[in-house]
1. Give just the number: which of (1) under 18 Å from I195 (Cα atoms); (2) in contact (Cβ under 8 Å) with a residue 60 or more places away in the chain; (3) in a helix (DSSP H, G or I) does E227 not satisfy?
2. With the requirement that a residue be in a helix (DSSP H, G or I) and of a type outside the set (D, E, K, R), what does the stretch 106-125 give you?
3. Residues in the stretch 147-166: is at least one over 30 Å from D246 (Cβ atoms) and surrounded by 19 or more Cβ atoms within 10 Å (Cβ to Cβ)?
4. State the number of residues belonging to the stretch 163-213 that are touching a helix residue (DSSP H, G or I) at 6+ places or on another chain (Cβ under 7 Å), within 18 Å of A248 (Cα to Cα) and assigned to a helix (DSSP H, G or I).
5. I'd like to know if the stretch 142-154 contains one or more residues that are within 24 Å of G175 (Cα to Cα) and not basic (K, R).
6. Go through S224, S281, S260 for me and flag whichever is within 19 Å of the chain's Cα centre (by Cα) and among the polar types (S, T, N, Q).
7. Could you grab me the full set of residues in the stretch 230-262 that are free of Cβ contacts under 8 Å to residues at least 40 places away in the same chain and within 22 Å of A288 (Cα to Cα)?
Amino acid sequence: MRAAFLAGLLAVAPCLADEDEAWLRRADVPAGTRPLLAVLLDRSAATTGLVDVPAPFDPQIDYGAGLAADARCDGPKFYVRRGPGPAPDCLLVAPLETLACDVARAPLATYGYFAASPATTAECLAHAAGRVVDAHVFYTGNFLNYLLSAPPWVSQPGATAFADRLADALAATAGLDAALLVTDDDGPGGAYVAIAPVASEVAAARIPTLVMTPPAGDPALAESLGEAARWLRGDAVQSGNDGRADPAALDPRAAGRYASPFDTACKPVSLALLTASDLSSGEQLLAAELGAADLREDLPGMQSAPLLWSAPGLGFSPPTRSPGQTS
């Protein structure tokens, strides 16, 4: 589900210091460095087709009312899972009465979940014993009841499903920067940087205005991945010269070149591809290269951008309870 998807991105990716040093489960990064999620959003004609997605969570509905008393979660309370993975089983995990962080209140009240960076988690769990060092996802009991109630599936155009769920997931996340590349719907094949890196909640607020025009054109995923690679490296702009491109993505010191989002060594960057099209073998190779190549050889360590893709809409699948899932 989308909360676990973003929790995985908030967990700092390891950075290879040299060929003799083992990859680490977590890597220390400079103070103030935030993980970046760069999303390549397919706005081609292929996304006008209908996809099936769960009906959205409505915080005004008591989803526990339709569940047996011995199977429902405590709606007003909060449940926590550490890092990415399935939602916790509320029958096995003790709930929290309160959270010690204001930043979680609005997302939990609106979306039913909140993906927190390690720093934000430490604030939210300030009253809990033990040192908190990982990203966590917080859920309301009512949201877990929503998952357990098997919400009805509805049909939506793929473009709408992608944009709506991406905006919700980014708005329900703290400690993450986001950028958006969009496939060009009115010009030569390729993508342009529609939103240069900003706080995830800022990107979420801008997405609806960027997807108001009807999807059109060819996805040209190979060309779009190539343009994403040029942006990540700080190379010259090629297909990204679009009037809707964010000027903040350009290097002010060099005309016609991108400002690489790798502004510090070992900055955690992930690239997600939301598309209605299957990747060809060549496109899969391009995607793999982004996660394996050093995209900034002028910086210490290895700067790579592992690519994830999901269709439709951030990896949704019918929810099931996971017995024994406690964290």
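1. Among (1) under 18 Å from I195 (Cα atoms); (2) in contact (Cβ under 8 Å) with a residue 60 or more places away in the chain; (3) in a helix (DSSP H, G or I), the lone unmet condition for E227 is (2).
2. As a first pass, look at the stretch 106-125 and keep what is in a helix (DSSP H, G or I): 106-111, 118-124.
Matches in the stretch 106-125: A106, P107, L108, A109, T110, Y111, P118, A119, T120, T121, A122, C124.
3. From the stretch 147-166, those over 30 Å from D246 (Cβ atoms) are 147-155; that's our starting set.
Within this subset, residues satisfying the condition of being surrounded by 19 or more Cβ atoms within 10 Å (Cβ to Cβ) are 147-148.
Checked the stretch 147-166: at least one residue is over 30 Å from D246 (Cβ atoms) and surrounded by 19 or more Cβ atoms within 10 Å (Cβ to Cβ).
4. Here the count works out to 5.
5. In the first step, residues of the stretch 142-154 are kept if they are within 24 Å of G175 (Cα to Cα); the result is 143-144.
Going one step further and asking which of them are not basic (K, R), we end up with 143-144.
Yes: the stretch 142-154 contains one or more residues that are within 24 Å of G175 (Cα to Cα) and not basic (K, R).
6. Numbers: S281 fails: within 19 Å of the chain's Cα centre (by Cα); S260 fails: within 19 Å of the chain's Cα centre (by Cα).
S224 is the lone residue from the list that is within 19 Å of the chain's Cα centre (by Cα) and among the polar types (S, T, N, Q).
7. R230, D235, A236, V237, S260
Here's the yes/no breakdown for (1) out of contact with any Cys (no Cβ under 9 Å at 6 or more places or on another chain); (2) of a type in the set (S, T, Y); (3) loosely packed, with under 15 Cβ neighbours inside 10 Å; (4) modelled with pLDDT of 90 or more:
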residue: D20; (1), (2), (3), (4): yes, no, yes, no
residue: L24; (1), (2), (3), (4): no, no, yes, no
residue: P56; (1), (2), (3), (4): yes, no, yes, no
residue: A104; (1), (2), (3), (4): no, no, no, yes
residue: F114; (1), (2), (3), (4): no, no, no, yes
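The values are calculated or read from the model by the stated rules, or taken from the named source; none is laboratory data. These numbers were taken from a predicted model, which means no experiment stands behind them. Quick reminder, even Gly has a Cβ in these numbers, built from the backbone with ideal geometry, and neighbours come from all protein chains shown.
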